[in-house]
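See below for the structure under consideration.
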Amino acid sequence: MASQDWFEKDFYAILGVPHDADAATIKKTYRKLARTMHPDHNVGDTRAEERFKEIGEAYAVLSDPEQRKEYDAIRAMSHGGARFTAGGPGGGAGFEDIFSAFGSGAPGGQRVRFGPGGAGAGQPGLEDILGQMFGGAGPGAGYGGFGAPTGPRAGQDVAASTRIGFRDAVEGSTVTLTSPDLGRVTARIPPGVKDGQKIRLRGKGRQGDPGAPAGDLILTVTVDKHPVFGRDGDNLTVDLPVTFAEAALGATVAVPTLDGSSVKVKVAPGTPSGRVLRLKGRGVRRGDTTGDLLAKIQVVVPQRLTDEAREAIEKMAAAEQGHDPRADLFERAKA
C-alpha cells in the first residue's frame, strides 16, 4: 500500500542498491542485510532492530513489481520526474490543485488521507488518486469514471526458507519463522518433506484488503544430512557392516532404525558385499504410503588378525588354491 512514507523514504538507498537494480540483486542484498541486522544477532540493539524493520519495509515494496512501479512513479513525481510545484499565478499544478480536483485539498476543504483507499467518508485514498493519474484503478476505483472497479485485493504471497533436521523431515515438525513484514509465523512441516521442497501454507502470507483473503507463504525446506541414514524417494537407506564370517556362513544381525530402535534381519550364507536387504514398512511415511528401509551389506575386512584367525584364513586360502574369482571378469572384458 502506498503511504506518505513513499514520498519521504528512499528504499533504494536503504537497501544500498541502484535504482535500476534487477530483482535478483535486490533479493540478494536484502538477504545479506537481514542476516546482519536480525534481532537474534543484535540482542538489545535498538538501532539494529529499527534498521531491520527499515530494510524489511524497503524489500516488501521493491520486491513486488506492481508496488515498485507505483513507488517509482511517486518518487519521480516528488523529485522532478513530473514537476508538481506550488499552485498560484505563474506556477504549475500543485498537490493542492490536484487533490482539489477530487473534492478536497483546497483551502478550507477536507484533508486527503494517505493510506488504504475506500475507507472513511467515501474519500479516495492515495492509491485511488495515483491509479487514476497513471491510468489504473485502485481499490476505490470509480471516482471520476476512471477505469473499472476491481474490488478488494487479495494479500500477496511471501517466500521464505527454513532448515530442519533429517528426522524432523521424515516424521514432520513445527517451525516458527520470523519475518520483518509478517512477524512470527508458526508453520507445520508435513511428514516426508524432501530437501529443497516448497510447501504452500494457505493464508500465511500478507493480509489483503478488508474482505479479501490473505496471501500464502511459500516455504522452501532445506533438510540436514543424517550421519547414518540416507533417503531414496520414500525409502530410507543404511550401510550395514557385517563380518566376513557372517557374510560367508550366514547370520541374523540387528539393523538400526530411524526411531532409535532396531530390527533383526537374516544374512544368507555367501552374501556378497553390496547386496541390498529390504525391510518392509521401515521407511518414510507420506499419506497412506510408507517406504522401506534398504540395508546395503558392507563386508568388513579385519585390520588386525590374531594368530588363530590368520591360521584359519591361510587354511581357507590353501583350500581355494587354483580358484580365480576374477577369471569371469577378464572373459567379459574381452567380449
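For segment 22-39, the criterion of being over 22 Å from the mean Cα position of the chain (by Cα), surrounded by 15 or more Cβ atoms within 10 Å (Cβ to Cβ), modelled with pLDDT under 90 and not assigned by TED's automatic domain parsing to the domain that holds THR178 is met by none of the residues. Looking across segment 12-63, the residues that are assigned to a helix (DSSP H, G or I) and of a type in the set (Gly, Ala, Ser) come down to ALA13, ALA23, ALA24, ALA34, ALA48, GLY56, ALA58, ALA60. Residue count for segment 266-283, restricted to those that are among the hydroxyl-bearing types (Ser, Thr, Tyr) and either in the same structural domain as ARG167 (by TED's automatic domain parsing) or crowded, with 16+ Cβ neighbours inside 10 Å (or both): 1. Across segment 231-276, the number of residues qualifying as closer than 30 Å to ILE189 by Cβ and either touching an Asp or Glu at 6+ places or on another chain (Cβ under 6 Å) or not acidic (Asp, Glu) (or both) comes to 16.
The values are calculated or read from the model by the stated rules, or taken from the named source; none is laboratory data. Only a predicted model underlies this, so the values are computations on that prediction, with no experimental measurement involved. Counting neighbours? That spans all protein chains shown, and the Cβs are built from the backbone with ideal geometry, glycine included.
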